[in-house]
Amino acid sequence: MQHDNSWLDLDYRTLFHLDQDRRIERENDPDCSPGPRFWLAGSVESNLFGIGADLGARTAAELESLASTEPLFIHPAKPRHLDRYLEVLGSTTYNFGLIYELPHVLSFSSPAQIVSGDSEDGLDLLQSLAKNGPAKSLKEVGFHGPQDFWSPWCAAIVDSEIVSIAFAARLSDVGVEIGVTTMKSFRGRGFGAAVTAAWSQLPSLRDRTLFYSTDRANLSSQNVAARLGLNQRGTTLRVY
């Protein structure tokens, strides 16, 4: 088993696109989204932090000094230096997250049909979306076409309707962060857990460490983790 700081480091390298100094340039997603200016992760064994690449040397040095003296950051505690991080960055925008271990061998019983993106059914589904456009339920959760199905992905289908999707929200050489979206009218029925379990078994993910992360406030996502019995191993702070 890996040491905990190595596990957090794999997540750091998966979540973000880093410069040569391991500072955060942006999120490691297909949309190239802006990343946080400061990121702190903690577990029962260690902390790890990342600093935005656009910050000046003095600001970066102060953040590094503070983070280096931060006690173990464990849910549900707040970092000791939170107010100072915000002051140094002149920010009021931050959030807390949870990181779960995601095994490759999950299973979850469901009446839904599971379709993977690299199967014939998956290719047919994408072709249909390209030709006919997405259903209203997909648009409501931000899926507007095949380009929004980030590979590798799989979908849970009930009565020819996509009810939940799992996809690679962040993909690196060493790890993958899952993204899970369930259609609004199908939430709370186990479809998110079913598609997460199916995604975890995809052959293309076999050699990478899998992560399941969510905001502390996202109880629906935490319920999916609970259904699957996932181990909550890390806690995060993002400051923007």
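Rule-based calculations on the coordinates, nothing more; no lab input. As the structure is a prediction and not an experimental result, all values here were calculated from the model. Virtual Cβ from ideal backbone geometry, glycine too; neighbours counted across all protein chains shown.
Structural remarks
- Under 18 Å from the Cα of LYS139 - aspartates and glutamates, other chains or at least 8 residues apart: ASP31, ASP148, GLU161
- Spin-label pair GLU25/LYS136, simplified geometry with 7 Å Cα→Cβ offset, distance in nm: 4.3
- The structure shown yields mean projected area of the Cα convex hull in nm², and of the options [x] 11.6; [y] 15.4; [z] 13.4 that calculated value carries the label [z].
- Between HIS104 and LEU126, the FRET efficiency from the beta-carbon distance, with R0 = 22 Å, is close to 0.35.
- Approximating the spin labels as points 7 Å out from Cα along Cα→Cβ, the LYS78-to-ASP207 distance works out to 4.5 nm.
- Cβ-to-Cβ counts within 10 Å put ASP173, ASP121, ASP9 in ascending order as ASP173, ASP121, ASP9, the fewest first.
- Trypsin sites (Lys or Arg not before Pro) within the range 138-240, DSSP loop, no more than 11 other Cβ atoms inside 10 Å: ARG206
- Basic side chains Lys and Arg get +1 at the Cβ, acidic Asp and Glu get -1 at the Cβ, and with that the dipole of the chain about its Cα centre reaches some 620 debye.
- Helix 191-200 axis versus longest C-alpha principal axis of the chain: approximately 80°, rounded to the nearest ten.
- Dividing the summed -39500 (n - 2.57) terms of all DSSP H runs of n ≥ 4 by the residue count of the chain sets its mean residue ellipticity at 222 nm at -8500 deg cm²/dmol.
- At R0 = 25 Å, FRET efficiency that the Cβ-Cβ distance of SER65 and THR92 yields, to 0.05: 0.70
- Protection-proxy order for peptides 23-36, 52-65, each taking the mean of Cβ atoms within 10 Å per residue, highest first: 23-36, 52-65
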